[in-house]
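Here the structure is laid out as structure tokens; the discussion comes afterwards.
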Amino acid sequence: MTGNATFGDFWARSAASLIQGQGQPDAADRPAEAAAVAAALRRLLTVITRYLDDEVRWLNPEGLGPWSRALVQSRIAVQHAVAILAECPAAGREPPGGEGATARDLSDAAGTLQLARDLLQTHFTAGPRGSRTDRSDWAPVIASPQVSRALLGVLAAQARAAAARVSALLLPDGIADPPGRAALRRANPWLNAFDSAVRSAHFLDPVPDADLHLLEAVPVNAVAGRQAPTGAEQTAELAAGLISVAERVQRGARELAGRARWDPGMNAASMRQTAGACVVTSDSCEVILRSLADRAGELGQPELRDFLGQVAARAAAARRSWLAAARGWDQMATDAPGRMTPFAADALGMALWTGRLAYADPSWTPARGPSQQLRQPGSLAPDEAGLGTVIAAVHYASAAVMRLGEAGEQQIRVAAAAGRLYVPTRSLPEDYDVPRRMAKAPQSRVDTVLQAYSLAAEASVTSTLAVAAAAEVTGAPSRVLSAAARAAGNTRGGPLPQGLVMRLLMQQPDMQLIARANAGYGLRGLTASWLPGRDALPGPPLPARAADRGTGLEPQM
Amino acid sequence: MTDTAAGLLAQAADLPGLLDAAYEAFDHVLAAARAAEDGAGSLLPAFALAAAAAADGRDAVLCAPSMPASGRARPLPAPPLDTAEAAADYAASLALLLKTLLDRAAAGGAPADQAACANAAACAARIAELLAPPG
């Protein structure tokens, strides 16, 4: 989605290392290579052990569910296998003539699986005694039970594939087992035990495909460098640029509130520019959504047209709320006026990318320019896939604005508590006798600004949820944002927007749209009770990425 | 009412007087931009960011040591502007005047006054850049 490497990229490579050589017995692998294979398998299992150790925290000793039991059993099985392989006297020695295919594939699988774990670890900071602190919005997603279960399933699938490769070496060949092969023969059942434990848990409490897709989508925690649009970008490039800058803004916003007590970057200039950027971004999002609504109509989808019109109205409401928040800073200042921070510049950059997507002029800026002509709907989204691409970009931008609303409210609260908010003395009533140019902000004025930010934050949440619903309906790739918010238990960004989605959808009832949105939000079945006299909806599957790919966890009955 | 805001600036006889008038002028631009936002249509982005720059410029003026400490607000009457374009023209022309006078003030005086005037002039330039008519 964002161009960053994902967990799925590495996992796929690791799995391919093990699967590609299956069913191709390699004579060179057999007795002479057994020790090298044992060493490579041990490396793979050592990596898996690290993953399992990461996951121990979700063990619940008071009520072991199937997945907690599976984790305990998995750790025991892998520990046994590693111990057996460690006893192999030749383990670790490279055989004469180098590794054979099986040992090489197992080593490659171990290496890429370790890289995948390193990728997950970029979302955490190591603390004392094995604790870890979240460094990104993806951290709680990775730590969620949904993703943890999917991860355990992935590891079991790796163990199963490794066991299959090892089994090929254990075919009876009429000679006594050399040490390496004896160790493999003893270790292999433990790999199968690991796999069985996870299969049992999956049978009792299946891992949905969506959770596996979410795990696959976890990106490396790195932000692309600042990039300004050149004016030569096509729509898809503008959408990608907008997503990139929106991610950068979201990441920056995460740190703001904690620093507001002391950070010179928490200053009136930056707050004003950021609020202004949110006005402009929300405004352009509305423009884009209205264009997409028109395009949906042109593509013969009147229900989607009306739906997107409703979503655009939410973006307009967010814009109005942000205008009120921005006006709150007209008569408010900070202890030092300061300069616009790089973070505020990023927020303005997001406004610029959003405007470039909304307007036809490739050199558009927020200034009163020569052309404010809107982009033609057909050029914005040439086809249905194009609708999803642009909606995804709007989704990311809306989510960033939402995060700025939450962060801004917290920043103001913290700065006010620290006595950092001031007002121009001239803006105070005559009876204030302050012989200075600036005075401490009266509580009433602080409250007014806080309330405006609170409303802006709420309107931005509503707008983002509406865009998220549009992403579900159109199968936009940004659906992963909603799934991540749900997994992380984000109470403002993801969960069950029943009232809103239902209101949006039922203004123009279209059963297929409702069913698809419901499926995306886990609301299946709700609609039946909401609509008296209607049967439960059939709930066609969402257009799924990699829909025909199995989880590797399907129980084999 | 352009003359009133511009008149205050023109009447300033010294640096404190100029800073005092500049404060009122930035505040006036801010009010004009905010008043125009609701019906601004495609000019909304320009007005929203110009308003932020106007507030920044006003705060920058307040940082100048020569700014009188005990002044009181002298709200200027809102100009009769029928359209968003007219409001933009008005604010842009006032911002250009502010920029010219503050740039001149930034060339002399105490360093802290110079810095404050330069910062305020940059804000005025930003307003003019955002709201000046095309072409």
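The values are calculated or read from the model by the stated rules, or taken from the named source; none is laboratory data. The structure presented is a predicted model; accordingly, all values stated were derived computationally and were not measured. When we count neighbours, we look across all protein chains shown, and the Cβ atoms used for this are built from the backbone with ideal geometry, even at glycine. Note: areas computed on protein heavy atoms with side chains; ligands, DNA, RNA excluded. Shrake-Rupley method; radii C 1.70, N 1.55, O 1.52, S 1.80 Å.
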Between 0 and 90°, nearest 10: helix B:44-62 axis offset from chain B longest Cα axis: 10 degrees
Accessible-area value, A:Y396, 1.4 Å probe, nucleic acids and ligands omitted, Å²: 10 Å²
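Based on the inverse mean of 1/r over its pairs of different Cα atoms, what is the Kirkwood hydrodynamic radius of chain B, in Å? Present the calculation step by step, with values, prior to reporting the outcome.
Details: mean 1/r = 0.0692 Å⁻¹.
Computed over chain B, the radius equals 14.5 Å.
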Length added when fully stretched, A:T133-A:R254, from 0.36 nm per residue minus Cα-Cα: 42.2 nm
Accessible-area value, A:Y422, 1.4 Å probe, nucleic acids and ligands omitted, Å²: 50 Å²
Point-to-point label distance, A:A16-B:A118, nm (Cα→Cβ direction, 7 Å offset): 5.6 nm
Computed lengthening from A:E233 to A:V72, 0.36 nm per intervening residue step minus Cα-Cα distance: 52.8 nm
Residue-by-residue Karplus 3J(HN,Hα) for region A:201-215, coefficients 6.51, -1.76, 1.60, Hz, glycine and proline x: 4, 5, 5, 7, 9, x, 8, x, 3, 4, 5, 5, 4, 5, 4
In Hz, Karplus ³J(HN,Hα) per residue of region A:105-121 (6.51, -1.76, 1.60; θ = phi - 60°; x = Gly, Pro): 5, 5, 5, 4, 4, 5, x, 6, 5, 5, 4, 5, 5, 4, 4, 4, 5
Other-chain or far-sequence residues with amide H under 5 Å of A:L421's (modelled H): A:A441
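Once the other residues with Cβ under 15 Å from the Cβ of A:L348 are scored (Lys, Arg +1; Asp, Glu -1), what is the net sum? Each step should come with its number before you reach the end.
Details: positive: A:R226, A:R248, A:R272, A:R339, A:R356, B:R126; negative: A:D283, A:D346, B:D56, B:E129.
Overall, the nearby charge balance is +2.
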Distant-in-sequence amide H partners of A:M438 (H built 1.01 Å from N, under 5 Å): A:T425
Qualifying GluC sites (Glu not before Pro) for region A:400-441 [loop in DSSP, other Cβ within 10 Å: at most 11]: A:E430
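Which chymotrypsin sites (Phe, Trp or Tyr not before Pro) in region A:167-272 pass both tests, a DSSP loop state and at most 14 other beta-carbon atoms within 10 Å? Before the final figure, lay out the partial values.
Values: sites: A:W190, A:F194, A:F203, A:W262; in loops: A:W262.
Here the sparse-neighbourhood loop sites are A:W262.
How many Å³ per residue does the convex hull of the Cα positions in region A:387-456 occupy? Write out the running numbers ahead of the final one.
Values: hull volume 7.4 nm³, N = 70.
That works out to 105 Å³ per residue.
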A:R132 long-range amide H proximity, modeled H, under 5 Å: A:G127
Whole-Hz ³J(HN,Hα) from phi, Karplus 6.51 cos²θ - 1.76 cosθ + 1.60, for region A:352-362, glycine and proline x: 5, 4, 5, x, 4, 6, 7, 10, 6, 5, x
Cut-off 13 Å, label 7 Å out along Cα→Cβ of A:A385, residues of region A:236-252 by amide N: A:236
